[in-house]
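Some notes on the structure that comes next.
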Amino acid sequence: MKKCYHFTNIDQLESILSEGLKPQCGIHSQLLLDSRKEKVYYSVGEEATIEMFAAFYEILMRVLDGRISPELYETYSDELKQKLETSNDVESWIDDGIYLAFDGDTLNNYNEEKIEDSFTSDTIRPENLYVCVLKDENSGEIISTKSSDIVTYFLAKRTNNFEEVMHIVGFFALHISKKVEEYRNTPLIVDYIPLLDYYKLSQSDNNNKRTHL
């Protein structure tokens, strides 16, 4: 099984549940300056997911800090401009992010050698999609579904050295340094909940922040 991870925003789940994960050039792809159209972008495996998230974090930080040219900004879609103009900071943006997981073995992958930035023209059906959740290993309680927390957990499993974390994820390391240590010393696991099951859970538990909705 080729475990693949796709970053999306929590407010897209209802649409994805209805139509699947459709090939398109969304706002995250625009930020990464990818000119390809009508693709589903994803990372293969945990290490590639870490690298891709760190790249996205640094680009987003530069954009929100105003460190881009007006000419580049004008190439963004109206949807992206509106989201950027209503975002207070990097954290408010990424805190809305989650990871969807799926088996990539059946996809038409066009750049197999570049696993951190793979893409397909296939529509991935809702029944083949899973929401990544971080759970307490002992109680089974959902701790978080935030993309930044999932990546932090992946990192916590890999290294005890902050300098190495900094080397892997750049400035994102400063944002997560305390949580990396916390996750390293806490019995946690990443689990994968079918998209429909997660959506039902979130709708029945709207006021409980454990479900991230």
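The values are calculated or read from the model by the stated rules, or taken from the named source; none is laboratory data. All of these numbers come straight from a predicted model, not from anything done at the bench. Backbone-built Cβ (ideal geometry, glycine too); neighbour counts: all protein chains shown.
Testing residue 185 on (1) at pLDDT 80 or above; (2) under 19 Å from the mean Cα position of the chain (by Cα); (3) not acidic (Asp, Glu), one condition comes back false. Which one is that?
The number of the failed condition is (2).
Can you name the residue in segment 1-10 that is within 13 Å of the chain's Cα centre (by Cα) and modelled with pLDDT under 90 and is also nearest to residue 53 (Cα to Cα) among such residues?
The selected residue is 9.
For residue 146, work out the one condition from (1) farther than 22 Å from residue 45 by Cβ; (2) within 17 Å of the chain's Cα centre (by Cα) it doesn't fulfil.
Of everything listed in (1) farther than 22 Å from residue 45 by Cβ; (2) within 17 Å of the chain's Cα centre (by Cα), residue 146 misses just condition (1).
Pick from 169, 165, 131: which is crowded, with 20+ Cβ neighbours inside 10 Å, closer than 15 Å to residue 46 by Cα, at pLDDT 95 or above and of a type outside the set (Lys, Arg)?
Numbers: 169 fails: at pLDDT 95 or above; 165 fails: at pLDDT 95 or above.
One residue alone meets the criteria, 131.
Looking at segment 201-212, is at least one residue crowded, with 20+ Cβ neighbours inside 10 Å, in a loop (DSSP other than H, G, I, E, B), touching a Lys or Arg at 6+ places or on another chain (Cβ under 9 Å) and at pLDDT below 95?
yes
Restricting attention to segment 73-111, which residues are under 27 Å from residue 166 (Cβ atoms) and either among the hydroxyl-bearing types (Ser, Thr, Tyr) or part of a helix (DSSP H, G or I) (or both)?
84, 87, 90, 91, 92, 93, 94, 99
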